[in-house]
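Note sheet for the following structure.
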Amino acid sequence: MQQLIKSEVRLWAERLTQNNPHFAGLPACPFAKKAIADDRVDVRMDFGWQYCEVVRTAKHLPQRKSLIIQAELNPQMSAEEMHADIRKMNMHLSQQNIWLIGFHPDDPDPDFDDDSEDFKSLVDEPFAMIFIQRLTELDDASRVLEAQRYYTRASHEEIMELYRRRQAREEYDNGNGKKARSAGTWRKSQSI
């Protein structure tokens with residue numbers, strides 16, 4: 001099943017690398033194809049009890065990977081419950097430079113995906129995905145896209161999620177992460 005989901009993610013990424021007017025003519029996922037081609041994406045199965053596998057993967061994110069997709073077949077939680085849980089986990093994991101993004105089979109189809117009904121799934125069962133990424137890498141990429149007007153037609157919810165992620169990045173850079181600890185070490189050495 002893991003291989004089928006991996007194959008479907010590759011097909012999905014291919015579709016989302018086409019230029020799209022909703023994103024100022026940029027692809028919906030401009031970095032996906034290269035990350036997959038460079039073997040920087042991995043798919044793992046099951047969220048685990050109370051997301052324990054997601055948290056474990058987040059805490060031990062391999063250095064050579066940009067993205068780990070944790071997939072759950074026939075998720076028992078609703079889309080609203082999963083997204084609320086992800087927001088709570090992000091409050092804590094962002095302090096370790098991790099950010100989660102969730103996709104639930106009951107999420108509405110995105111406005112920009114006119115071909116969603118044409119997409120033939122390889123997996124017969126519905127599945128949810130949680131993308132596990134480094135907060136700093138994700139935020140840096142989003143700033144590049146913002147400069148290219150990528151978010152011009154983003155929904156209110158998407159803008160609020162971007163704002164939460166930017167705020168978490170700022171907090172990480174100013175006290176919760178390695179960068180801030182290094183700055184504290186620098187201040188100590190300056191006072192000697």
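Of all residues in the range 19-54 being touching a Pro at 6+ places or on another chain (Cβ under 9 Å) and more than 23 Å from Arg143 (Cβ to Cβ), which is surrounded by the most Cβ atoms within 10 Å (Cβ to Cβ)?
Phe47
Being of a type in the set (S, T, N, Q) and at pLDDT 95 or above is true for just one of Gln133, Gln50. Which residue is that?
Gln133
Can you find a residue in the range 73-89 that is modelled with pLDDT under 95 and under 28 Å from Asp173 (Cα atoms)?
no
Does Thr57 satisfy the condition of being under 19 Å from Leu138 (Cβ atoms), of a type in the set (S, T, N, Q) and surrounded by 19 or more Cβ atoms within 10 Å (Cβ to Cβ)?
Details: under 19 Å from Leu138 (Cβ atoms): yes; of a type in the set (S, T, N, Q): yes; surrounded by 19 or more Cβ atoms within 10 Å (Cβ to Cβ): yes.
Yes, satisfied.
Which residue is surrounded by the most Cβ atoms within 10 Å (Cβ to Cβ), if the candidates are limited to the range 144-169 and must be more than 20 Å from Gln133 (Cβ to Cβ) and of a type in the set (D, E, K, R)?
Arg153
Within the set of pairs 6+ apart or on separate chains, which have a first residue in the range 34-50 that is more than 17 Å from Arg134 (Cβ to Cβ), a second that is modelled with pLDDT of 90 or more and assigned to a loop (DSSP other than H, G, I, E, B), and C-beta atoms under 9 Å apart?
Close Cβ pairs satisfying both conditions: Phe47/Pro75; Phe47/Met77.
The values are calculated or read from the model by the stated rules, or taken from the named source; none is laboratory data. For clarity, every value in this text was computed on a predicted model and none was experimentally measured. As a convention, Cβ positions derive from the backbone with ideal geometry for all residues, glycine included, and neighbour counts pool all protein chains shown.
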